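These notes are about the structure you will find just below.
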Amino acid sequence: MLVVNVLLQTLCKADEVLTTIESISKILPENPVHQRIFKYNSAHSFFGLKQYEATIEETYELIQEYYVVLGISPEDIIGKNADKIRPLLKKKKDTPDNLKHLADSLYLYAQAMNASELDSQLARIHTMKFYELPHALDTLIRVGQDLVDDFIGARQIIETNLLPSILRFKLTSRIIPVRSQYAVILAYCGDFNAANAEMARLASYEAGLDEKGQWELANQRQLIANIERAGSPKQWVSKCTPSIPILVANVGRNAPCPCESRKKYKKCCGNNM
């Protein structure tokens with residue numbers, strides 16, 4: 001299947017890609033695993049050709065197949081965190097791989113929806129859940145940051161998903177990039193005091209960063225200053241409804257942690273910062 005993927009990626013013309021997809025589909029083994037992988041590669045090729053409707057159709061079918069394989073339905077995961085979803089999954093050797101494949105499919109579906117100017121927020125939130133379940137943590141954070149960059153529920157995603165995940169799994173290399181991104185989002189939301197306070201908290205880490213890290217932090221600081229000077233675009237402020245604060249001053253150290261671990265904040269998400 002790797003050969004098929006490479007072949008589709010190297011073809012430049014749309015008609016060549018479509019002809020190749022049709023030809024391979026006729027000789028592909030009946031094995032469901034091969035069929036699903038090929039379907040994903042085909043959808044990825046459609047996306048590369050900017051055929052977003054075909055991408056959405058192909059990935060939608062694929063997503064439904066993976067739900068069946070895993071023994072769950074979309075309704076099973078709405079409003080649930082990973083720890084509540086895990087007991088619902090079929091206990092099989094290939095379950096971690098299937099979770100990653102489902103997450104990949106959801107992410108591609110969301111990208112195509114977004115490119116078509118359709119709402120993809122729920123699909124991307126589900127994507128993050130399915131990357132968390134098999135502990136594909138780097139991908140989880142990357143997808144979350146992509147979602148924030150698109151400003152789809154940006155503040156809520158950072159506060160309720162990214163920051164708690166980084167602290168829960170001790171992803172120290174991600175703390176500064178995500179928290180500085182959070183500061184920028186706070187600035188876009190017009191909360192400049194909180195944005196500047198967040199950047200001030202990161203100042204003590206700056207000397208230990210490499211050249212690229214220092215440049216990124218300085219760039220975020222300058223961006224916040226520019227936003228404060230020019231003002232936030234109204235269409236972005238309207239999407240800034242805050243959610244549960246995870247790393248802000250008004251969470252008392254002895255209060256229950258907002259991540260619902262049943263521990264005190266100082267012994268959970270507030271432990272390492």
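The values are calculated or read from the model by the stated rules, or taken from the named source; none is laboratory data. Given the structure is predicted, the values throughout are model-derived calculations rather than measurements. Methodologically, a virtual Cβ is constructed for each residue, glycine included, from the backbone with ideal geometry; neighbour enumeration extends over all protein chains shown. We work out accessible area using only protein heavy atoms, side chains counted, and drop any ligands, DNA or RNA first. Shrake-Rupley method; radii C 1.70, N 1.55, O 1.52, S 1.80 Å.
Checking the stated criteria, Leu49 turns out not to satisfy the condition of being within 21 Å of the chain's Cα centre (by Cα) and either under 19 Å from Gln111 (Cα atoms) or modelled with pLDDT of 95 or more (or both).
For the range 140-154, taking the residues that are modelled with pLDDT under 75 and part of a helix (DSSP H, G or I), the one that is most open to solvent (accessible area, probe 1.4 Å) is identified as Asp149.
Tell me yes or no: at least one residue of the range 202-218 is in contact (Cβ under 8 Å) with a residue 24 or more places away in the chain and among the polar types (S, T, N, Q). Looking for residues that are in contact (Cβ under 8 Å) with a residue 24 or more places away in the chain and among the polar types (S, T, N, Q), one finds none in the range 202-218, hence no. When the range 165-175 is filtered for residues that are buried (at least 20 other Cβ atoms within 10 Å of the Cβ) and touching a residue at least 40 places away in the same chain (Cβ under 8 Å), only Leu167 remains.
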